[in-house]
Amino acid sequence: MDSAIVCHQVRKYFWEEQEADPGACWLKRLRPGKRLTKAVDDVSLEVKRGEIFGLLGSNGSGKSTLIRLMATLLLPDSGYVSVLGQDVVKNRLAVRRMINRVSVDAAFFKKLSAYENLMYAARLYDVNPRQAKIDAEAILKRLGFPRNKIYASMENLSRGMQQKVAVARALLTSPMVLLLDEPTTGLDPKSKRDVQDFVLEVQAEHDTTIILTTHDMAEAERLCQRIAIIDGGRVEDIDTAEGLKNKVGGPSTTMEEVFFALTGRDWSKEAEDHEAD
Amino acid sequence: MKLTRELRASMAFAQRQYNLIKRYWSWEVVFLFYSIINTLTIGLIGVQAGENSGELILYLVVGALLWGFLSVVFHEVGESVSWERWEGTIEYTFMAPIHRLTHLGGMCLYAIGYGAIRTIIVLIAVALFFDLSLTGANLLTGLAVLVVSSLSFIGMGLMAAVLPLLSPEKGSQATHIIQGFILLISGVYYEIEALPAWMQPLSRFSPATYTLRAARAALLDGASISQLAPELLRLALIGILLIPLGLFIFSLGERYAMRTGKLKRNG
Ligand SMILES: Nc1ncnc2c1ncn2[C@@H]1O[C@H](COP(=O)(O)OP(=O)(O)O)[C@@H](O)[C@H]1O
Ligand SMILES: [Mg+2]
């Protein structure tokens, strides 16, 4: 078995409550309408073991939903997702033992210190606290995290530092599959570089399979062996950066042009939207 | 399920909450202060009764103490989901490779320990203030009532905890409404007979009714464990039914949240 992750015709739709029109009659306001969002729509892909696999798409294209399906946080409406041969629906616990995730938001107990947050995670994953402390310090050091900040409460850390703690939390549990959901979005250039370098290091040293979502073209090109372009919940194409460029134009084509050709979306405009988030 | 492994993991929750208390210790002092004042003011109502004031004070204080304990347990368990959703950590806790029983069991054990410590501190303060005579009380029976009734409150807490999973917007509010309703119908500060006739039958559905009755029998009338055996048995039975039911309902709620994307959606 050389596939780390298999998605087969996966679908995930959401019904979203719509804000009622304040001008509508009161009966309509009591029962606001619902709108269907096809967050992930018939996605099939395979991620090889030890690969860094990129999911490149604009805001709302379904990247996080796909990651959550792999992370056993959402149930697929239809289709099949497996992680290292284990079905994410039927063998949830087995999958959970093998994965960890870094999300774009810093999901921490903000009043607790980085150290306390990391020890909480270590206990949940049955990592020996003493070992966890040693590992956490080593990981944070490599990420360029200031040592004296490890006991400061999370709310006093910058976004870049928080994200480094999030990476440490995921790595601490030695996952075989690492799900990185926009790990560098909103980081300063230095922190971004630190995290990217570390991702490459992890792959080289640990044979970890990594799924990375991003809307940063350069990041996808730098880190990922293969890239899936995703738009409106659908995978438009999967290939190496080279391969995608060759299909669209030639080696001199930019990733922006590839993205435009495959999705019809103008990247410079999308990027502006992201900045506004 | 490897038991020692799961037990170790359940400690994560106690440790986490302990760390939070350390960080917020000044608030802990304030909460404790208010719990003591609240119990005292309720006890003082009994002072006005004249002749029988000693008994009435104890009657009221038992109500206030038990309600304090039960609402801490109910609140800690029932609010754990909505609090983690607010902190943004809920997905990380839910995707940890542990059984849901370990997760919720850890929260419950913490809640009981925390509630018990607070109750004991308030009890000591109140006993000093009123110079309460507990000579006629059977403290051992009182403790047994507390332990046995914790079970049913854990069960109810689990059912309440599911509400924020079903509705991120209104689940937490519903939890509070339920708590208020239990306060009304369980005879915390008065006999059930004081309620309007149509409301009295409802009190039978609240485990707190039996807890309070048994606790008062123990502390006011000095009832022994064997005398209260039927009551204790009934409370244990309710707990033994409510906990698996609570877990089952919680797992249904979790499935619903995973299907509809209610766990968390940002990012
Ligand atoms: N839990 C949810 N409930 C309702 N709608 C959701 C939920 N999660 C995502 N969506 C919707 O699904 C679409 C895809 O979202 P997402 O997967 O977060 O995209 P991305 O991560 O690429 O920005 C968006 O339209 C979003 O609003
Ligand atoms: Mg996203």
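No lab work stands behind these numbers, since they all come straight from the coordinates. Note that the structure is a prediction, hence the values are computed from the model and not measured. So basically every Cβ, Gly included, is an ideal-geometry build from the backbone, and we count neighbours across all protein chains shown.
Below, the figures for the structure above:
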read-out: Region B:41-174 - Rg and Dmax from Cα coordinates, angstrom; value: 18.3, 61
read-out: Calculated on alpha-carbon atoms, Rg and Dmax of region B:150-267 in Å; value: 17.3, 59
read-out: Estimated distance in nm for a label pair at residue A:59 and residue A:269, the labels positioned 7 Å out from Cα along Cα-to-Cβ; value: 1.4
read-out: Rough spin-label spacing in nm, given labels placed 7 Å along Cα→Cβ, for residue B:191 and residue B:205; value: 2.5
read-out: By average C-beta atoms within 10 angstrom, highest first, the peptides A:3-15, A:91-103; value: A:91-103, A:3-15
read-out: Peptide B:5-15, shielding by other chains (average Cβ, 10 Å cutoff); value: 3
read-out: Partner chain coverage, peptide A:97-106 - average Cβ within 10 angstrom; value: 3
read-out: Cα lying deepest toward the dipole's positive end in the protein assembly as shown, options A:198, A:86, B:115, charges on Cβ; value: B:115
read-out: Size of electric dipole in region A:3-276: Cβ of Lys, Arg +1 and of Asp, Glu -1, about Cα centre, debye, nearest 20; value: 1200
read-out: Translational diffusion of region A:191-277, µm² s⁻¹ [Kirkwood Rh, Cα pairs; Stokes-Einstein; 4 °C; 1.567 mPa s]; value: 92
read-out: Taking all pairs of distinct alpha-carbon atoms in region B:144-208, Kirkwood radius in angstrom; value: 13.0
read-out: Residue order, fewest to most surrounding Cβ atoms within 10 angstrom, among A:25, B:108, A:224; value: A:25, A:224, B:108
read-out: When region B:2-264 is reduced to its Cα atoms, the Kirkwood hydrodynamic radius in Å; value: 19.4
read-out: Likely footprinting exposure, A:206, A:215, fewest C-beta neighbours within 10 Å first; value: A:206, A:215
read-out: Overall form of region A:154-228 per C-alpha gyration tensor (a/c, 1.5; a/b vs b/c); value: oblate
read-out: Compactness relative to 2.2 N^0.38 Å, alpha carbon Rg of the protein assembly as shown; value: 1.15
read-out: Approximate shape of chain A as ellipsoid semi-axes (Cα gyration tensor, √5λ), whole Å, largest first; value: 30, 25, 21
read-out: Contact order normalised by residue count of chain A, Cα under 8 Å, 6+ apart, percent; value: 23
read-out: Taking A:188, A:237 and counting other C-beta atoms within 10 Å, the order from fewest to most; value: A:188, A:237
read-out: Averaged over B:251-262, number of beta-carbon atoms from partner chains that fall within 10 Å; value: 3
